[in-house]
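The values are calculated or read from the model by the stated rules, or taken from the named source; none is laboratory data. The structure presented is a predicted model; accordingly, all values stated were derived computationally and were not measured. Don't worry about glycine lacking a Cβ; one is built from the backbone with ideal geometry, like all the others, and counts go over all protein chains shown.
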Amino acid sequence: MDLDTFTTTLAGIITAFSKKLPSKSHIALLMQPTQWNAPERQYTDHIFDMARRVKLPVIMRYSCPYESQQCTAQMVEWAKGSRQVLVLTRELIVWEVA
């Protein structure tokens, strides 16, 4: 499934799930931004895409760094050669059910 279809499908699941929960409940999603598999290693903020598509209030967005290095040697060499940084964190987004 391509990224846009995945995002639309996941947003639909979150929205449908929210309709089954009582008001003031919370839904959380932990996601990593895409970089390595993206065209030209472009940073893609999936959390921003999800926040736009899920029509619920965002309560908070947390940065969740990894406990250890998650990059391969090839990623590190690319970053050094390209003089680019690598994504070393995930994001936790929390919505509140209206």
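Some observations on this one:
- Among the residues making up the stretch 81-98, those that are more than 17 Å from the chain's Cα centre (by Cα) and surrounded by 10 or more Cβ atoms within 10 Å (Cβ to Cβ) are Ser82, Gln84, Glu96, Val97, Ala98.
- The set of residues in the stretch 10-34 being at pLDDT below 90 and not polar (S, T, N, Q) consists of Met31, Pro33.
- Test: residue in the stretch 35-49 that is small (Gly, Ala, Ser), modelled with pLDDT under 80 and surrounded by 10 or more Cβ atoms within 10 Å (Cβ to Cβ): yes
- Pick from the stretch 46-75, criterion outside any helix (DSSP H, G or I) and of a type in the set (Lys, Arg), ranking: nearest to the chain's Cα centre (by Cα): Arg61
- Beta carbons closer than 6 Å, at least 6 apart along the sequence or on distinct chains, pair a first residue in the stretch 60-71 that is at pLDDT 80 or above with a second that is of a type in the set (S, T, N, Q) for Ser63/Thr89; Pro65/Thr89.
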